[in-house]
Amino acid sequence: MIDELYDELGAASFTVAWQHDPRGLLAAALSFLADLRLLRLVPGGVLVLPAAARYRNIKLALPVRHANGQMAMEFS
């Protein structure tokens, strides 16, 4: 999934620290979500905890490229 995210958004969408380290970003994100008690790391993956259910209806807002090269967020 992290590879698809990088393909869709482009590496330049991420800070310099993460542009060439998608696996590092994934590890940091999982650690952050575990610290928030939204998931638990287990061998081979994660368990999503009940507290994460409050975010289930949030829709992803992806940047849209305009003809002049500027990025904007589209909320549909």
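Restricting L41, L60 to residues that are modelled with pLDDT under 90, open to solvent by 80 Å² or more (accessible area, probe 1.4 Å) and aliphatic (A, V, I, L, M) narrows the list to L60. Every residue in the range 13-48 that is within 15 Å of M1 (Cα to Cα), touching a residue at least 12 places away in the same chain (Cβ under 8 Å) and of a type outside the set (A, V, I, L, M, F, W, C), please. Listed by number, the residues that qualify are P22, R23. Looking across the range 1-13 at every residue that is within 11 Å of the chain's Cα centre (by Cα) and among the acidic types (D, E), the one that is surrounded by the most Cβ atoms within 10 Å (Cβ to Cβ) is identified as D3.
Taking the range 22-50 as the range and being charged (D, E, K, R) and under 13 Å from the mean Cα position of the chain (by Cα) as the test, only R23 passes. Taken over the range 14-38, residues that are hydroxyl-bearing (S, T, Y) and open to solvent by 60 Å² or more (accessible area, probe 1.4 Å) amount to 1.
The values are calculated or read from the model by the stated rules, or taken from the named source; none is laboratory data. Remember, it's a predicted structure, so these values are computed and weren't measured experimentally. When we count neighbours, we look across all protein chains shown, and the Cβ atoms used for this are built from the backbone with ideal geometry, even at glycine. Heads up: the accessible areas ignore ligands, DNA and RNA and are worked out on the full protein's heavy atoms, side chains in. Shrake-Rupley method; radii C 1.70, N 1.55, O 1.52, S 1.80 Å.
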